[in-house]
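Please treat every number below as a calculation from the coordinates, not as lab data. The shown structure was predicted, so the numbers you read here are calculated from the model rather than taken from an experiment. Virtual Cβ from ideal backbone geometry, glycine too; neighbours counted across all protein chains shown.
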Ligand SMILES: Nc1nc2c(ncn2[C@@H]2O[C@H](COP(=O)(O)OP(=O)(O)OP(=O)(O)O)[C@@H](O)[C@H]2O)c(=O)[nH]1
Ligand SMILES: [Mg+2]
């Protein structure tokens with residue numbers, strides 16, 4: 001069943017506990033601290049996929065959790081990072097915080113992602129807490145809890161033009177006259193249960209997508225459209241009043257349908273169309289193209305409130321490798337976070353950093369990008385030579 005609204009509970013992974021371990025060797029009972037960091041908790045990530053067409057696959061998945069990070073261990077062993085939970089959603093999915101109603105973001109293109117819940121930070125192992133003042137720290141960080149939140153997902157179909165009208169007004173008939181869509185047409189109200197899409201080809205110019213809004217329940221499907229067609233049965237012109245406001249601030253064309261059934265046309269403004277005789281169909285087609293061309297595209301909705309902007313944000317791929325004249329640059333939100341966690345000025349810190357890079361797939365990404373031994377690699381402010 002077509003579903004364009006769904007509520008989900010998401011939970012990111014908890015950060016793994018750091019280890020408070022001490023070196024124990026046969027001749028060194030009082031060894032120094034050697035407990036490694038925990039692994040960070042996994043994120044819950046929504047990603048837009050062109051393979052999905054509505055939100056129904058998520059209806060049965062009301063509870064979604066990413067994996068916890070694993071605890072660190074003695075011998076400086078770092079815990080494994082919790083796996084991200086990647087949730088595929090259709091292109092056009094808008095994500096709201098269910099508790100506040102704030103829009104967190106929109107996934108408007110294939111492959112776009114949004115971190116819906118960020119994994120908890122890992123706890124530090126006691127090795128990282130040793131200092132000149134306290135050489136034997138017994139405490140390790142517990143790791144931060146994951147984030148929990150309830151999300152409301154709404155699919156906004158990617159259409160340029162919305163057909164709005166009372167039941168039985170002739171919307172589906174119009175859609176079939178203008179596009180290759182073949183929605184069910186019948187002489188009773190609510191024949192069309194779900195929004196119907198059709199593509200109108202026009203020369204020259206890009207094809208336009210039209211959506212039939214079957215009822216007010218689906219009025220949110222005007223969100224991405226630029227122009228509204230107010231579709232009214234010419235025999236009931238007074239119905240225009242009831243639907244006019246549904247166009248909101250969008251430019252609207254009034255379409256009087258079934259003109260062949262009206263003997264004496266009234267003089268109200270609008271385009272007269274008959275699917276029966278073909279009257280007005282070409283005129284309407286032109287008017288739609290002009291109206292869309294005259295209307296600037298709708299930008300993404302402003303995100304509500306700063307607080308939200310600081311929370312989940314759309315992000316690019318986790319890791320990206322770019323080739324420059326001087327070598328290779330690695331970027332990505334997760335790599336940036338990594339830089340804050342390791343002291344690259346000490347050989348031990350640098351080693352751990354490299355292990356973490358490996359684990360994160362950076363080494364593989366460099367290899368794939370054709371890195372040769374000795375080549376310069378830059379990650380944030382860190383530079384080193386590539387040594388596989
Ligand atoms: N004679 C005539 N009948 C029409 C015309 N346009 C639509 N109809 C008829 O009007 C009835 C309703 O048409 P639909 O296209 O299903 O109307 P709709 O607005 O999509 O209706 P719902 O999806 O049920 O809300 C059907 O019986 C159509 O055949 C027209 O131009 N001339
Ligand atoms: Mg219909």
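Key figures for this structure:
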| quantity | calculated |
| --- | --- |
| Of 322, 106, 147, the one that fluctuates the most in a GNM where the chain has Cα springs shorter than 10 Å | 322 |
| Value of relative contact order over the range 1-156, rounded to a whole percent, pairs C-alpha under 8 Å and six or more apart | 37 percent |
| The chain: relative contact order in percent, alpha carbon pairs under 8 Å with at least 6 residues between | 14 percent |
| Rounded tilt (10° steps) of 347-360 against the dominant C-alpha axis of the chain | 30 degrees |
| Reduced Cα scattering model of the range 317-385, Debye log10 I(q)/I(0), q = 0.13, 0.17, 0.25, 0.27 Å⁻¹ | -0.32, -0.55, -1.24, -1.42 |
| Prolate/oblate/rounded label for the range 161-293 (Cα gyration tensor, a/c 1.5) | rounded |
| Neighbour-count ranking [beta-carbon atoms within 10 angstrom, fewest first] of 213, 185 | 185, 213 |
| Residue order, fewest to most beta carbons within 10 Å, for 1, 376 | 1, 376 |
| C-alpha long axis of helix 281-293 to longest principal axis of the chain, angle in ° | 40 degrees |
| For the chain, fraction of C-alpha pairs farther apart than 26 Å, in % | 64 percent |
| Cα-projected label distance for residue 187 with residue 383, points at 7 Å along beta-carbon direction, nm | 8.1 nm |
| Quotient of C-alpha Rg and 2.2 N^0.38 Å, computed over the range 49-194 | 1.70 |
| Taking 383, 212 and counting other C-beta atoms within 10 Å, the order from fewest to most | 383, 212 |
| Protection-proxy order for peptides 115-127, 56-68, 218-230, 75-87, each taking the mean of Cβ atoms within 10 Å per residue, highest first | 115-127, 218-230, 75-87, 56-68 |
| Sites residue 324 and residue 358 - FRET efficiency at Förster radius 25 Å, r taken between beta-carbons, to 0.05 | 0.65 |
| Relative contact order computed over the range 161-293 (Cα-Cα under 8 Å; 6+ residues apart), in percent | 23 percent |
